[in-house]
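Reading through the structure tokens given below for one structure.
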Amino acid sequence: MSLPRDPFILLSYVNTKLRDDYENLDEFCAAEGVDQENLLKVLSDVGFSYNEEVGKFL
């Protein structure tokens, strides 16, 4: 499955996967075959960053 293109839907999708299926962003990206640097940039461009303490994008 490819990731959603809309950054806000992507945010929701990734945070849901992090909550339900993965321990952290590294694990998510490795398992899903996602370019972590690109994901961070796309979500950063709309004002979100990954918070390691809570394990999701805020």
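Assuming charge only on the beta carbon of Lys and Arg (+1) and of Asp and Glu (-1), the dipole of the chain about its Cα centre is about 260 debye to the nearest 20. Extension gain for N38 to E52 (0.36 nm times residue separation, less C-alpha to C-alpha distance): 3.3 nm. Of the peptides 44-51, 8-15, the ranking by mean beta-carbon count within 10 Å, highest at the top, reads 8-15, 44-51.
Computing Rg and the Kirkwood Rh from the Cα coordinates of the chain gives a ratio, Rg/Rh, of 0.90.
A simple count of charges around D21, restricted to other residues whose Cβ falls under 11 Å of its Cβ and scoring Lys, Arg +1 and Asp, Glu -1, yields -2.
All of the numbers you see were taken from the coordinates with simple rules; none came from a lab. Keep in mind that what you see is a predicted model, and the values were worked out from it rather than measured. Cβ sites come from the backbone with ideal geometry, for glycine too, and all protein chains shown count toward neighbours.
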